[in-house]
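A.B. asks: Can you keep this structure in mind? I'll have questions shortly.
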Amino acid sequence: MRSRFPLFWLALHRRRRMLAYLAAGMVLFETLMVVVSRAVPPAQLLGGEVNAAPGAFQAFSGSTGDVSLASYPGLLGAGLVHPLWIALQLTAIGSLAAAAVAADLESGTIELLITRPISRARLLAERGAAIVAASVLLNAAATVTLAVGIAASPTLHRAVSLSGVVAAGLLGCCLTLCLTGPALAVSAAGRRRAQVLGATIAFGAVGFALNFIAMAWSKARPLRYLSPFHYYTPGDALAHAHLPWASAAVLLAVGMAGVVAAFPLLNHRDLAP
Amino acid sequence: MHPAAPAIELRAFTKTYGRATGVDRLTVTVETGEVFGFLGPNGAGKTTTLRTLTGLLRPTSGQVRVLGLDPVADHRRLAPRLGYLPGELRLYPELTGSQTLGLLGDLQGVPTPRRAELCERLALSAADLARPVREYSRGMKQKIGLVQALQHDPELVVLDEPSEGLDPLVQETFFALLKETAAAGRTVLLSSHVLPEVQRACGRVAIVRSGRLVTVQTVAALREARARRVRLVLEDGHGPRPLGAAEAWSPAWNRGEVRLLIPPEDLVSALRELLAALPVTDLTVEEAGLEEAFLDLYRAGEAGPGTTNRTMPGTKTEAQL
């Protein structure tokens, strides 16, 4: 164990196998998405920049604008909003957020940590940093796989630039940070790892469903602003090769709000198992 | 810290959990260099008190000072000077013993000069320390717990049920370590529900029940104040019958024989009354064991305020502290 940030390294060390499997799963899945996208000839696509598909389908292509699922950016974007991609991210966030505080409380190991001269803020900061590191790792695995696949395919490269892939990767990091904040706050206040996992999954799954419903049903359209997936638009980032700063800022703000809430929640509670 | 300041000072310390009271107005002072016992059955509030002393819990009311500091507000200044062994020691199962001690040493943030010596004395070999903790027996985990609590040579050692799971040989080493720690001027607070453990290691002892202090006294005073075990054999062999005032001395009947635990100051008068009222054919009086004295003290506490006059000589009650 590294002596400089022991709580950070401990969190990653304990979940190193899980993270390795998740990263491998991410690489395999994005590879599959690239292979599938390459297999579709341009002539068979319904229309690259045309809004030909139903609006709700955009939820599956990671777009709130003009990028159709029936386009290369839309197809590749689908790989970054696919339920499997979301499940892999939620597994990492939920597991590490649970390990931040709640799991130590549940298992009783918190007694040995908190009786050392480390502040609760440091505990949360190091554990939060571990989640960020894991999220960056998973997003980097997806982004690099996508970038390599696109670079290796002239057809895909013509439709999607590498800067677009980087922008989509950065937006992916923003989404995972958005999900991390509330998960960390639940961990800081909770006593069971199941509470944190449940809240993380609920936040992600309900958010995705809300965005889909809002795009499919016009009466529910205003609800889309409540979903993080409304702001997470990798299809748009891939198509237009830029990071949507406003959306990224909203995602980061939600994440930061959760992190900021977590500190007082942890500071004002008893930590006995 | 002022040299004369007590190592631990609890004043009317109360901890509640919602409507339930874990500890109720506990007032205890532990002097620097003392080995102090904290004795009581499960659920008496011992662990709650220890967790408050280490900063895990916040007191609901009252004052708690450890080495002159507030355990929560001054946590970062206090914790390096503290060694703590939890009652239910939980370790990370996938870490080896060596990694566990390294991690906890790193978190302690001070040198750990005694680690190698303690591992050797507690028979934790290099091979043991290289194995993951999940493969450890309860006793092995407890040894790791003792090493992590003492490896940085803390000023105050707080031990919750420390000898649980230790084999007799290791227990001997543990008691020797406690003795050395006290001789080096360190303070030890030892919580236990096992009286002989406290009797052997501690100079003074606080006895708690249902979150309340029953008494604080020296182990020597507790020993001196042992109740007398009285056995009376009755001629008629008729078995249990009302004993009047002697009912207060926990009579245990076995056909025509009755055993009582009587405090020394009441012995003569109680015997006079019993001999006058009963057809006694045989009588033996002997000193009760410390365990029985402790149980007797407990029974007195359970019987309510009206029986507090049975508190043993040399005892400080809550009101006197």
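A.B. asks: Kindly state, to the nearest 0.05, the FRET efficiency for A:H268 paired with B:E247, given R0 = 35 Å and r defined as their beta-carbon distance.
C.D. replies: With R0 = 35 Å, the Cβ-Cβ based efficiency is 0.10.
A.B. asks: For chain B, what is the calculated [θ] at 222 nm in deg cm²/dmol (nearest 500), taking -39500 (n - 2.57) for each run of four or more DSSP H residues and dividing by its residue count?
C.D. replies: -9000 deg cm²/dmol
A.B. asks: So, one more: May I ask you to list the residues of region A:237-263 whose amide nitrogen lies under 15 Å from a point 7 Å from Cα along the Cα→beta-carbon direction of A:D66?
C.D. replies: Only A:237-242 pass the distance filter.
A.B. asks: Right, next: Within 10 Å, count the other beta carbons around each residue, average over each peptide in A:161-168, B:119-126, and list them highest first.
C.D. replies: In decreasing order of mean packing, A:161-168, B:119-126 become A:161-168, B:119-126.
A.B. asks: Right, something else. In debye to the nearest 20, how big a dipole does region B:8-222 give about its Cα centre with +1 on each Lys and Arg Cβ and -1 on each Asp and Glu Cβ?
C.D. replies: 660
A.B. asks: Is chain A rounded, prolate or oblate when judged by the Cα gyration tensor, a ≥ b ≥ c being the square roots of its eigenvalues, rounded requiring a/c under 1.5 and prolate requiring a/b larger than b/c?
C.D. replies: Here chain A falls in the prolate category.
A.B. asks: How many angstrom separate the Cα center of region B:14-54 from the Cα center of region B:246-263?
C.D. replies: For region B:14-54 versus region B:246-263, the Cα centre distance is 33 Å.
A.B. asks: Pairs of Cα atoms under 8 Å, at least six residues apart: use those to get the relative contact order of chain A, whole percent.
C.D. replies: Numbers: 462 pairs, mean separation 72.0, N = 273.
So the answer I get is 26 percent.
A.B. asks: Quick check on the protein assembly as shown: take the gyration tensor over C-alpha atoms, sort the square-rooted eigenvalues as a ≥ b ≥ c, and tell me if it's rounded (a/c under 1.5), prolate or oblate.
C.D. replies: prolate
A.B. asks: Given the protein chains as shown and a 1.4 Å probe, how many square angstrom of B:V72 are accessible, to the nearest 10?
C.D. replies: Here the accessible area works out near 40 Å².
A.B. asks: Once the dipole of chain A is set up with Lys and Arg at +1 and Asp and Glu at -1 on Cβ about the Cα centre, which of A:A253, A:P228, A:L271 lies farthest towards its positive end?
C.D. replies: Ranked along the dipole, the leading option is A:L271.
A.B. asks: Same structure, new question: Region B:116-265: D in µm²/s via Stokes-Einstein (Kirkwood Rh, Cα pairs, 25 °C, 0.890 mPa s)?
C.D. replies: Values: Rh = 18.9 Å.
It diffuses with D of about 130 µm²/s by this estimate.
A.B. asks: Work from the charge dipole of the protein assembly as shown (Cβ charges, +1 for Lys and Arg, -1 for Asp and Glu, about the Cα centre) and give the residue of B:T60, B:Q108, A:A199 farthest towards its positive end.
C.D. replies: In the protein assembly as shown, that residue is A:A199.
A.B. asks: Which residue, B:L10, B:G33, B:V194, has the largest displacement toward the positive end of the dipole of chain B when charges sit on each Cβ (Lys, Arg +1; Asp, Glu -1)?
C.D. replies: My answer, from the dipole projection, is B:L10.
A.B. asks: Next question, about the same structure. In whole Å, what is the distance between the alpha-carbon centres of region B:159-213 and region A:181-247?
C.D. replies: Each part reduced to its Cα centre gives a spacing of 54 Å.
A.B. asks: Taking the full set of protein chains and a 1.4 angstrom probe, give the accessible area of B:D70 in square angstrom, rounded to the nearest 10.
C.D. replies: Estimated to the nearest 10 Å², B:D70 gives 50 Å².
A.B. asks: So what's the back-of-envelope 222 nm ellipticity for chain A, counting only DSSP H runs of four-plus at -39500 (n - 2.57) apiece and dividing by all residues, rounded to 500? Don't skip to the answer; put the middle values down first.
C.D. replies: On the way: 14 runs with 200 residues, N = 273.
So the helix-based figure for chain A works out to -23500 deg cm²/dmol.
A.B. asks: Let me ask another. Could you work out, for chain B, what percent of all Cα-Cα pairs fall into each 20 Å distance bin, beginning at 0 Å and stopping at the bin that holds the largest distance?
C.D. replies: Spelled out per bin, shortest first, that is 30, 48, 20, 2.
A.B. asks: Assuming 0.36 nm per residue, please report the length gained on full extension of the stretch A:R191 to A:R17 beyond their Cα-Cα distance.
C.D. replies: Computed gain between A:R191 and A:R17 is 60.2 nm.
A.B. asks: Contour minus end-to-end for A:V36 and A:R158, with contour as 0.36 nm per residue of separation and end-to-end as the Cα-Cα distance?
C.D. replies: 42.3 nm
A.B. asks: With +1 on the Cβ of every Lys and Arg and -1 on the Cβ of every Asp and Glu, and nothing else charged, how large is the dipole of the protein assembly as shown about its Cα centre, in debye rounded to the nearest 20?
C.D. replies: Working: 57 positive and 47 negative charges, 294 e Å.
Magnitude of the dipole: close to 1420 debye.
A.B. asks: Largest first, what is the accessible-area ranking of A:Y231, A:Y225 with a 1.4 Å probe?
C.D. replies: Result, largest first: A:Y225, A:Y231.
A.B. asks: I'd like the accessible area for A:M33, computed on protein heavy atoms only with a 1.4 Å probe and all protein chains in place. Round to 10 Å², please.
C.D. replies: It works out to around 30 Å².
A.B. asks: Can you tell me, using C-alpha contacts under 8 Å and at least 6 residues apart, the relative contact order of region A:147-203 as a whole percent? Present the calculation step by step, with values, prior to reporting the outcome.
C.D. replies: Details: 23 pairs, mean separation 12.2, N = 57.
RCO, region A:147-203: 21 percent.
A.B. asks: Sorted by accessible area with a 1.4 angstrom probe, largest first, how do A:R15, B:R76 fall?
C.D. replies: I get B:R76, A:R15, largest accessible area first.
A.B. asks: Next up: Taking each residue in A:117-129, count the Cβ atoms of any other chain within 10 Å of its Cβ, then average. What number comes out?
C.D. replies: 2
A.B. asks: If you take the accessible area of A alone plus B alone and subtract the pair, what total do you get in square angstrom, rounded to 100, with a 1.4 Å probe?
C.D. replies: Counting protein atoms only, the buried area is about 2700 Å².
A.B. asks: Assign unit charges at the C-beta atoms only (+1 for Lys and Arg, -1 for Asp and Glu), then state the dipole size of region B:25-117 relative to its Cα centre in Debye, rounded to the nearest 20.
C.D. replies: 220
A.B. asks: Would you rank B:F175, B:F13 by solvent-accessible area, highest first, keeping every protein chain in place and using a 1.4 Å probe?
C.D. replies: Sorted descending by solvent-accessible area, the residues read B:F175, B:F13.
A.B. asks: For B:E235 and B:A276 in one chain, what is 0.36 nm times their gap in residues minus the Cα-Cα distance, to one decimal in nm?
C.D. replies: Stretched fully, the B:E235-B:A276 segment lengthens by 13.4 nm.
A.B. asks: Cα to Cα, under 22 Å, and not fewer than 8 places away if on the same chain: which lysines meet these conditions relative to B:K15?
C.D. replies: B:K46
The values are calculated or read from the model by the stated rules, or taken from the named source; none is laboratory data. Remember, it's a predicted structure, so these values are computed and weren't measured experimentally. Glycine gets a Cβ as well: all are built from the backbone with ideal geometry, and neighbour counts include every protein chain shown. Heads up: the accessible areas ignore ligands, DNA and RNA and are worked out on the full protein's heavy atoms, side chains in. Shrake-Rupley method; radii C 1.70, N 1.55, O 1.52, S 1.80 Å.
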